[in-house]
Structure formats: C-alpha cells, structure tokens
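Asker: Below you'll find the structure I mean.
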Amino acid sequence: METKDILKSLRKSKGFANAKDFCEISGISYNTYQNYETGKRLPTADFLIKIADFYGVTTDYLLGHETQPDELQKLVNQMNEQQKQKLIAIAEILLK
C-alpha cells in the first residue's frame, strides 16, 4: 500500500468522512493534506511524525514498511505514561 492510500484509510477508519473535517481537528492545512492524500506530493518527515502521533501508529507504517498495529499495540498507544508503566510491571510479573 502506498502512503497516500494509508493516509486515506486511516482517516476513514477514525471516522473522518472527508479530509476537510480531519484537517480542522488535526490543525493541518487542507490543501497540503490533499496533496499528500492524492499522491501529488510526498509527505515531509515533520508531517509524517505529526500524523503518526495523531493516529498512534509509526512512521514506518505510514510509509508502508510495516503492518497495521495489532490490538495490543492499539491499546498501548491509547495509554498515558503511568498506565504504560503499570502494564510493564504486570507483564514482568506474568513472565516470571
């Protein structure tokens, strides 16, 4: 899958029916985003980082170098740092 297709798929999977609504929420210029989602331009590194953080995925995923995060990774991406530390402590206990 190409980056433009991944961007569109992520946007729709998060409930943004159109790019304009997504751009308003994310603070990204609509014209810039449209160029990336249609493949007219390649996204910058700064853009990829911002989008990866917004969606909770990696830049490698946005570039098509890895598969979509599994269910566990999706949950971890939604956690704050304190929750992540608790999860690590629980995992360490389970692995003993």
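Asker: Can you give the extra length, in nm with one decimal, that the chain gains between N31 and M1 once fully stretched, where that is 0.36 nm per residue apart less the Cα-Cα distance?
Answerer: On the way: separation 30, 0.36 × 30 = 10.80 nm, distance 2.24 nm.
Extra length from N31 to M1 when fully extended: 8.6 nm.
Asker: Sticking with the crude label model, points 7 Å out along Cα→Cβ, report the distance from E81 to L63 in nm, one decimal please.
Answerer: 2.7 nm
Asker: If you don't mind, there's one more thing I want to ask. Modelled label-to-label distance, D46 and L95, 7 Å Cα→beta-carbon offset: nm?
Answerer: Once both label points are built, they end up 3.8 nm from each other.
Asker: Enumerate lysine pairs in the chain that are 8 or more residues apart or on different chains, then count those whose Cα atoms are under 24 Å apart.
Answerer: Qualifying lysine pairs in the chain: 27.
Asker: OK, next. Only Lys, Arg, Asp and Glu count, each charged at its Cβ (+1, +1, -1, -1), so figure out the dipole size of region 3-65 about its Cα centre, rounded to 20 debye.
Answerer: Numbers: 9 positive and 7 negative charges, 44 e Å.
My answer is approximately 220 debye.
Asker: Order the peptides 12-22, 81-91, 53-63, 27-37 from the highest to the lowest mean number of other Cβ atoms within 10 Å of their residues.
Answerer: Numbers: 12-22: 13.1, 81-91: 10.5, 53-63: 16.5, 27-37: 14.7.
Listed from highest to lowest mean packing, they are 53-63, 27-37, 12-22, 81-91.
Asker: Expressed as a rounded percentage, what relative contact order does the chain have, with Cα pairs under 8 Å and six or more residues apart? Don't skip to the answer; put the middle values down first.
Answerer: Numbers: 53 pairs, mean separation 22.8, N = 96.
With pairs under 8 Å counted, the relative contact order is 24 percent.
Asker: Can I ask one more? In the set (1) 1.25; (2) 2.08; (3) 1.74, which value of Cα Rg over 2.2 N^0.38 Å was calculated from the structure you see?
Answerer: Entry (1).
Asker: Further question on the same structure: From the helices alone, meaning DSSP H stretches of at least four residues, give me the mean residue ellipticity at 222 nm for the chain, per-run term -39500 (n - 2.57), in deg cm²/dmol to the nearest 500. Intermediate results must be reported in sequence, preceding the final value.
Answerer: On the way: 7 runs with 64 residues, N = 96.
Helices in the chain give a 222 nm mean residue ellipticity of -19000 deg cm²/dmol.
Any read-out appearing in this document is the output of simple, stated calculations on the displayed coordinates, not a laboratory observation. Keep in mind it's a predicted model, so treat the numbers as computed, not measured. For neighbour counting, all protein chains shown are included, and Cβ atoms are generated from backbone atoms with ideal geometry for every residue, glycine included.
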